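Worksheet: the structure to be examined is printed underneath.
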Amino acid sequence: MLDSTALADRTILVTGASSGLGRAACVVLSQLGARVIAVGRDEQRLTETAEQLDGSGHLVRPFDLSHVDEIPKWMKSVAADHGALQGVVHSAGLHLARPLQMLKPDAVKELLQINVTAALMLAKGLRQRGVFEVPASIVFLSSVMGRVGQAGVSAYCASKGAVDAMTRSLALELAPQGIRVNAVAPGQVESEMADQQKQTLTAEQFDRIKAMHPLGLGRPEDVAHAVAFLLADTSRWITGSTLTVDGGYTIH
């Protein structure tokens, strides 16, 4: 049973909150007493997320993370309007399935901008004076693809490997300020992104992926509970780690 006091009175900003893992994180965090600031590009879908949250005081803040140079200033305004943050969850991300011969530089640039550069700028934004309040925690959504290979997704794998490396480095840099930095690396989860990926695969290929998860495919809330753990005081002595939540995928 969820402890409704675990994140009570903490304000947590969640990107990618309009669907999938981001929406699930918002729901679970609200159940744990957090005040959620839901971030995404689609205000209508963010409002739909807000309607699913427990408690009150939650906020919707539409923002396009592709404007990476604006992120720190924007976070300063968020804190000025709504108070200091105790947590940031970067769930927004792009998936790219392209064989190398079809890979275009512009597609790689767009992928890295959201998956990596936006993550760095969110961390930069949080560390500003007046934006965060200790205890503070950042959780990035990585992927098992950051540590294993898969044909046709080299750019995506590279972006998630970068997230894992960035997590370790930022954890060292931000520890003196009382900010912990961790990541969660999911396996295949039943989500909108997974549905998009499924469209690029044959039924046989997708069945093979399912079979590689001994516990079956995950649900968004499986990942959301791991995110909540890394935000709460239950993980107060954990930083620089990537928590694998993959139904056993990477133990093969």
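Okay, here's what the table says:
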| item | result |
| --- | --- |
| Options Val116, Val39; residue that is within 21 Å of Ile179 (Cβ to Cβ), in contact with a Ser or Thr (Cβ under 7 Å, 6 or more places away or on another chain), in a helix (DSSP H, G or I) and modelled with pLDDT of 95 or more | Val116 |
| Residue in region 144-151 that is in a loop (DSSP other than H, G, I, E, B) and over 24 Å from Thr242 (Cα atoms) present | no |
| Some residue of region 62-74 being surrounded by 14 or more Cβ atoms within 10 Å (Cβ to Cβ) and closer than 16 Å to Phe229 by Cα | no |
| Residue identified as part of a loop (DSSP other than H, G, I, E, B) and touching a Leu at 6+ places or on another chain (Cβ under 7 Å) among Ser18, Ser66 | Ser18 |
| Leu230 vs. criteria farther than 17 Å from Val14 by Cβ, out of contact with any Gly (no Cβ under 7 Å at 6 or more places or on another chain), in contact (Cβ under 8 Å) with a residue 24 or more places away in the chain and not polar (S, T, N, Q) | no |
| Condition met for Gln101 (out of contact with any helix residue (DSSP H, G or I) (no Cβ under 9 Å at 6 or more places or on another chain) and outside any loop (DSSP other than H, G, I, E, B)) | yes |
| Odd one out for Cys26, checked against (1) touching a Gly at 6+ places or on another chain (Cβ under 6 Å); (2) under 25 Å from Met121 (Cβ atoms); (3) hydrophobic (A, V, I, L, M, F, W, C) | (1) |
| Considering residues of region 80-96 that are assigned to a helix (DSSP H, G or I) and touching a strand residue (DSSP E or B) at 6+ places or on another chain (Cβ under 9 Å) only, the residue surrounded by the fewest Cβ atoms within 10 Å (Cβ to Cβ) | Asp81 |
| Segments classed as helices (runs of 4 or more DSSP H), wholly inside region 160-252, with at least 1 members that are touching a strand residue (DSSP E or B) at 6+ places or on another chain (Cβ under 9 Å) and of a type in the set (Asp, Glu) | 220-231 |
| Filter pass, Ala107 being touching a residue at least 40 places away in the same chain (Cβ under 8 Å), surrounded by fewer than 24 Cβ atoms within 10 Å (Cβ to Cβ) and touching a Lys or Arg at 6+ places or on another chain (Cβ under 8 Å) | yes |
| Any chance Leu231 is modelled with pLDDT of 95 or more, over 16 Å from the mean Cα position of the chain (by Cα) and surrounded by 17 or more Cβ atoms within 10 Å (Cβ to Cβ) | no |
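The values are calculated or read from the model by the stated rules, or taken from the named source; none is laboratory data. Keep in mind it's a predicted model, so treat the numbers as computed, not measured. Note that each Cβ is placed from the backbone with ideal geometry, even for glycine, and that neighbours are counted across all protein chains shown.
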